[in-house]
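Just so it is clear, none of the values below were taken in a lab; they were calculated from the coordinates. Note that the structure is a prediction, hence the values are computed from the model and not measured. Ideal geometry is used to build each Cβ from the backbone, glycine not excepted, and the neighbour counts take in all protein chains shown.
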Amino acid sequence: MTTEATPHTETTHGYISDKARYLARLKRIEGQARGIHRMVDEDTYCIDILTQISALTSALENVALGLLDDHLKHCVVGAAKAGGTEAEQKINEASQAIARLVKS
């Protein structure tokens, strides 16, 4: 989907070559989230649930870092080569994404 905040100027995204790997990882993350839900439903010990939440958080952070790396290598580098306002915009987007990741 194209929005003002995320204009679509490329025909492919940086993660496209690893799309299957990302989808498989996200499917495992979904399973982890369902597992945590089940643990709460079954009154599992608090520390065991927190351990699983920590693992889920780490998995999501790894996906985010991979996507950020792909974005930098593909979208930002491509825009930087083209120059102009698109380059500035892509660098700004990357900086904002990094700031969001650092805050989370």
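What the table shows:
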read-out: Scan of the stretch 67-88 for residues that are surrounded by fewer than 16 Cβ atoms within 10 Å (Cβ to Cβ) and within 19 Å of the chain's Cα centre (by Cα), ordered by number; value: Asp69, Lys73, Val77
read-out: Filter pass, Lys90 being free of Cβ contacts under 8 Å to residues at least 24 places away in the same chain, part of a helix (DSSP H, G or I), in contact with a His (Cβ under 9 Å, 6 or more places away or on another chain) and closer than 24 Å to Ser17 by Cα; value: yes
read-out: Check on Asp43, within 23 Å of Glu30 (Cβ to Cβ) and under 23 Å from the mean Cα position of the chain (by Cα); value: no
